[in-house]
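Take a look at the structure set out below.
The values are calculated or read from the model by the stated rules, or taken from the named source; none is laboratory data. The structure displayed is predicted, hence computed values, not measured ones. Here the Cβ is made from the backbone with ideal geometry for all residues, glycine too, and neighbour counts use every protein chain on show. Remember, those area values only see protein heavy atoms, side chains included, never the ligands or the DNA or RNA. Shrake-Rupley method; radii C 1.70, N 1.55, O 1.52, S 1.80 Å.
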Amino acid sequence: MDTTETTGEETTEEVIGRFLASIEAGGMSETGVLSDDVVLDATVPNWRFTVRGADGVGAELARWYADPGSFEDLTRTPVPGGELVTFTLLWRENGVPHAAHQAHVLSLSEGRIDRDQVWCGGRWSASLLAEMAEAGRG
């Protein structure tokens, strides 16, 4: 699929771009890209859960992305009806560096995200990041 395909007034690329900008800004509650009946299907360390509806999904994502951050890496791959997005997000929480590594399969309908199927490796604090860096040197 061409990421310039239009879904309503915005292209798929623009809608998902706004979603990603909201993650970096720590402003998911203001994103405006979720459909009313959006479904979040989340696989997180040792758990899987589903949240339905724009209010619930928006609130959950606002908790995940509460602090402004930056993408250390970001890959966007067009798929039929949306994009596969993978990233490592870096941020500071109460002054402590953190990171998360995630994959999202985002599906759109009528110019809004109607499904976010996400896999998250967890939230990694500075001490865990240092431990992983040390283990990678071996």
Out of contact with any helix residue (DSSP H, G or I) (no Cβ under 8 Å at 6 or more places or on another chain), of a type outside the set (A, V, I, L, M, F, W, C) and more than 20 Å from E110 (Cβ to Cβ), is that true of G26?
yes
What pairs can you find where one residue is in the stretch 28-57 and of a type in the set (G, A, S), the other is assigned to a loop (DSSP other than H, G, I, E, B), and their Cβ atoms are less than 9 Å apart, with a gap of 6+ or different chains?
S35/E110; S35/G111
Within the set of pairs 6+ apart or on separate chains, which have a first residue in the stretch 62-80 that is part of a loop (DSSP other than H, G, I, E, B), a second that is among the acidic types (D, E) and modelled with pLDDT of 95 or more, and C-beta atoms under 9 Å apart?
Y65/E24; P68/E24
Scanning the stretch 63-95 for residues that are open to solvent by 30 Å² or more (accessible area, probe 1.4 Å) and within 11 Å of the chain's Cα centre (by Cα), the one farthest from G122 (Cα to Cα) turns out to be L84
In the stretch 108-135, what residues are of a type in the set (G, A, S) and either touching a helix residue (DSSP H, G or I) at 6+ places or on another chain (Cβ under 7 Å) or open to solvent by 40 Å² or more (accessible area, probe 1.4 Å) (or both)?
S109, G111, G121, S127, A130, A133, A135
All positions within the stretch 81-99 that are small (G, A, S) and touching a residue at least 24 places away in the same chain (Cβ under 8 Å):
G81, G82, A99
Residue count, the stretch 100-117 (criterion: out of contact with any Ser or Thr (no Cβ under 7 Å at 6 or more places or on another chain), of a type in the set (A, V, I, L, M, F, W, C) and touching a residue at least 40 places away in the same chain (Cβ under 8 Å))
1
Could you grab me the full set of residues in the stretch 8-33 that are in contact with a strand residue (DSSP E or B) (Cβ under 9 Å, 6 or more places away or on another chain), over 21 Å from T75 (Cβ atoms) and either open to solvent by less than 30 Å² (accessible area, probe 1.4 Å) or of a type in the set (K, R) (or both)?
G26
